[in-house]
Amino acid sequence: MQMLFHIPGALATRFKQRVPAGQRSAFVTMLIEQAMPEDEDPLYLLALELERDASLDAEMREWREGLIADGMSGLEEAGRDSLAAR
């Protein structure tokens, strides 16, 4: 099936430079297959179920807020600062 996509000009230029003309469709097909899980993939189905679980969302929000209250966000910033100093 032929499809039409719009991508930024700089990306299109890189794509044309790096992927030979006869291999472009296969290349894009491979990337799409890697990026889109099969509908029957058990891990994908589990992830969808977890995303729909509102109680889990509330629990994760509490967990994140607890980390911030414990100073985890400050530790992350300190880690970035120490890496930048190197």
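The table below lists the values:
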{"quantity": "Residue list for region 20-44, filter: acidic (Asp, Glu) and part of a loop (DSSP other than H, G, I, E, B)", "calculated": "38, 39, 40, 41"}
{"quantity": "Members of region 36-67 found to be open to solvent by less than 80 Å² (accessible area, probe 1.4 Å) and closer than 30 Å to residue 19 by Cβ, listed by number", "calculated": "37, 41, 44"}
{"quantity": "Region 1-19, residues that are open to solvent by 70 Å² or more (accessible area, probe 1.4 Å) and part of a loop (DSSP other than H, G, I, E, B)", "calculated": "1, 2, 3, 4, 5, 6, 7, 8"}
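The values are calculated or read from the model by the stated rules, or taken from the named source; none is laboratory data. No experiment lies behind these values; they were computed from the predicted model shown. Cβ: placed from backbone, ideal geometry, glycine included. Neighbour counts: every protein chain shown. Heavy atoms of the whole protein, side chains included, go into the accessibility calculation; ligands, DNA and RNA do not. Shrake-Rupley method; radii C 1.70, N 1.55, O 1.52, S 1.80 Å.
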